[in-house]
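Asker: Quick one: the structure is below, questions incoming.
The values are calculated or read from the model by the stated rules, or taken from the named source; none is laboratory data. Just so you know, these numbers come straight off a predicted model, no measurement behind them. All Cβ positions, even for glycine, are placed from backbone atoms using ideal geometry, and neighbour counts span all protein chains on display.
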Ligand code: ADP
Ligand code: GN1
Ligand code: MG
């Protein structure tokens, strides 16, 4: 079926005019659906990657619960422009949250949020503060979600112990014969494995609480308005119970890098301390009152942890023959992994300053 036929399975206003690929996500496939009438909204159509998100009905239910809870809270606060402040899922003509086509693909739709910008890279400190605030606000909005815990869509998503165990297995198996050329990088990562099990261990010992967190806090998952003020956060597939340092940590990993996530020139890559400070400031502006002392002590470490984990994940996928992430070239995952290793080294060198900055905002 064509994307146009799929769109007509959903309960949309107006008639479909054009459908074009949209955005730079690494996991799902996204299209913008324009309608021909001026007074009809546009839509965002996605194929959910069901190899990664194995239970799409439960995933859909999580997103419905989270978005309707946020909407209710915004309404109760008398917020304006609510359709731009939270994602609005669109149902199928049969009232379902997704449409499964003959080929086994799962499609879903949201209202397209107009006038919104999402950037792959930040250009200034104001954006870093906005990014920090966006994920801080999100944590506050979902902190009182009623009902049973959210479904663990990807069990152990940021479970560093599990990631390291899987990585060790991959290294031992060396399934596509790529280990030799990356042995040094692999050693670098494995030497650090004990250090980065700390958060999981603290959680197990009850030193830090589990909360509902976003877990995929790339800057292009934040929508900003024309003045770079926060509209909302999107890409809610991984919203699950986890630890607070995952969100601010991944936001810094992705956003406070002087280079790109997949920068082939490692000289470009490093931690930008001004942007780091912006993220911390914005995040703590929103969350200072709800986080425990122990949680606040994990924030700077979270940036290192998520960078370490991302290096492990990209390298793991490289060793596995590129099965998880979309790639543009044979070495793309290796380039990504090396850029993350370089970023981690830079964070290790600057860690005392990072901790000192956090202590100024708590
Ligand atoms: P992926 O999981 O592949 O990253 P996303 O849900 O993040 O997919 O969507 C990809 C991109 O599409 C986002 O980075 C953002 O630019 C844009 N986008 C997603 N949802 C919306 C929306 N409802 N309105 C406007 N733009 C959106
Ligand atoms: C994926 O979907 P996207 O592009 O926002 C990945 C994240 C990684 C990120 C690295 C479900 O995010 O965990 O940090 O790529 N999402 C999933 O760019 O694995
Ligand atoms: Mg995304």
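Asker: Kindly indicate which of 250, 216, 237, 262 is within 16 Å of ligand 3 (Cβ to nearest atom) and free of Cβ contacts under 8 Å to residues at least 40 places away in the same chain.
Answerer: So the residue among 250, 216, 237, 262 that is within 16 Å of ligand 3 (Cβ to nearest atom) and free of Cβ contacts under 8 Å to residues at least 40 places away in the same chain is 216.
Asker: Restricting attention to segment 342-362, and to residues there that are out of contact with any helix residue (DSSP H, G or I) (no Cβ under 6 Å at 6 or more places or on another chain) and touching a residue at least 60 places away in the same chain (Cβ under 8 Å), which single residue is nearest to residue 277 (Cα to Cα)?
Answerer: Checking each candidate, the answer is 353.
Asker: Now, a different point. Hey, does segment 47-62 have a residue that's more than 9 Å from ligand 1 (Cβ to nearest atom), in the same structural domain as residue 98 (by TED's automatic domain parsing) and more than 23 Å from the chain's Cα centre (by Cα)?
Answerer: no
Asker: Continuing with the same structure: Identify the residue in segment 7-33 that is away from ligand 2 (no atom under 16 Å from the Cβ) and buried (at least 17 other Cβ atoms within 10 Å of the Cβ) and, among all such residues, is nearest to the chain's Cα centre (by Cα).
Answerer: Across segment 7-33, the extreme among qualifying residues is 33.
Asker: For a quick check of your reading: which strands (runs of 3 or more DSSP E) sit entirely within segment 196-309 and have at least 3 residues that are at pLDDT 95 or above, within 28 Å of residue 52 (Cα to Cα) and within 16 Å of ligand 1 (Cβ to nearest atom)?
Answerer: 222-224, 230-233
Asker: Do we find that residue 88 is under 15 Å from residue 236 (Cβ atoms) and away from ligand 2 (no atom under 16 Å from the Cβ) in this structure?
Answerer: Taking the combined requirement at face value, the residue satisfies it.
Asker: Among the numbered criteria (1) at negative phi; (2) outside the structural domain of residue 237 (by TED's automatic domain parsing); (3) without any contact (Cβ under 8 Å) to a residue 12 or more places away in the chain, which one does residue 42 miss?
Answerer: Looking at each condition in turn, residue 42 falls short on (3).
Asker: So is residue 25 more than 30 Å from residue 121 (Cβ to Cβ) and not in a helix (DSSP H, G or I) or not?
Answerer: Criteria not met by residue 25.
Asker: Further, regarding this structure: Can you find a residue that is more than 16 Å from ligand 2 (Cβ to nearest atom), within 30 Å of residue 229 (Cα to Cα), in contact with a helix residue (DSSP H, G or I) (Cβ under 9 Å, 6 or more places away or on another chain) and not in a helix (DSSP H, G or I) anywhere in segment 160-175?
Answerer: So far as segment 160-175 goes, no, none of its residues is more than 16 Å from ligand 2 (Cβ to nearest atom), within 30 Å of residue 229 (Cα to Cα), in contact with a helix residue (DSSP H, G or I) (Cβ under 9 Å, 6 or more places away or on another chain) and not in a helix (DSSP H, G or I).
Asker: Further, regarding this structure: Is it the case that residue 86 is assigned to a loop (DSSP other than H, G, I, E, B), buried (at least 20 other Cβ atoms within 10 Å of the Cβ) and not assigned by TED's automatic domain parsing to the domain that holds residue 300? Can you show your working first?
Answerer: On the way: assigned to a loop (DSSP other than H, G, I, E, B): yes; buried (at least 20 other Cβ atoms within 10 Å of the Cβ): yes; not assigned by TED's automatic domain parsing to the domain that holds residue 300: yes.
In short, yes.
Asker: Out of (1) touching a strand residue (DSSP E or B) at 6+ places or on another chain (Cβ under 9 Å); (2) touching a residue at least 24 places away in the same chain (Cβ under 8 Å), what's the single condition that is false for residue 292?
Answerer: Failing condition for residue 292: (1).
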